[in-house]
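Asker: Structure below; questions to follow.
Values quoted throughout were computed directly from the atomic coordinates according to the rules given, and no laboratory measurement underlies them. Everything quoted here is computed from the prediction, not taken from an experiment. Here Cβ is always computed from backbone atoms with ideal geometry, including for glycine, and neighbour counts include all displayed protein chains.
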Amino acid sequence: DNKKSIDITANPYIEITPLEGLSFKSILGTSLSADRQGIYSSDHTYMMLAGSTPEMENARYRTSLGYDYTWENILDYKITIADNHNIVATFITSYTKDHDEETESYSENFTYEEYLFFNLDAGVNQYVTTYYEEKKRLSYAGRLNYNFTGKYFITGSVRYDGVSQLTETWDVFPS
């Protein structure tokens, strides 16, 4: 089994307070992953010699690539009225995209063992499979918090989501 992979993640953000009680934060979370895996099974492996698998060289080679990112924006406004009434309003937008792809190839019964998994064309019973998936989500949310003297609280929120892989792509979630 010969595998090589790389994973990169970054989460930069910016936060500003343009006015007293008003703040804005923007976050970009992103990741990238890529790998490849080569497997060669000789007809001299323990499993084949023990008879639990057929005595035939086989090899497979798999590559994959995935990346995703999420971009979120959060706007908060806090105000206190007459020292007893505290109000916090929050508005959020969020966008996510997820992308995955993969290819796998297979072959067996090689003339020379030296090929390992690097020359699958030298074997027979070859096949190739591929996979691709992309998902997206866009969300809007709002929340209003009120408290009186820090003892009595009222909260209301609503979320509006759009998701690419659902039948009903958009829906509202109040609370």
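Asker: Once you keep just the Cα pairs under 8 angstrom separated by 6 or more residues, what percentage relative contact order results for the chain?
Answerer: Relative contact order here is 18 percent.
Asker: Oh, and also: Using helices alone, I'd like the mean residue ellipticity at 222 nm for the chain: each DSSP H run of four-plus residues gives -39500 (n - 2.57), total over residue count, nearest 500.
Answerer: Taken over the chain, the calculation gives -500 deg cm²/dmol.
Asker: So how many Lys-Lys pairs in region 1-110 land under 29 Å Cα to Cα, not counting same-chain pairs under 8 apart?
Answerer: Counting lysine pairs in region 1-110 gives 4.
Asker: Now a separate question. What FRET efficiency would be calculated for the residue pair S42, E72, taking the C-beta separation as r and a Förster radius of 45 Å, to the nearest 0.05?
Answerer: For S42 and E72, the calculated efficiency is 0.35.
Asker: Between Y127 and A50, take the C-beta separation as r, use R0 = 25 Å, and let me know the FRET efficiency to the nearest 0.05.
Answerer: Computed FRET efficiency for Y127 and A50: 0.45.
Asker: Rounded if a/c is under 1.5, else prolate if a/b beats b/c, else oblate: with a ≥ b ≥ c from the C-alpha gyration tensor eigenvalues square-rooted, which is the chain?
Answerer: It comes out prolate by the Cα gyration axes.
Asker: How much of the DSSP bridge set in region 3-114 is antiparallel, in percent, rounded to the nearest 5?
Answerer: Antiparallel: roughly 100 percent of the beta bridges in region 3-114.
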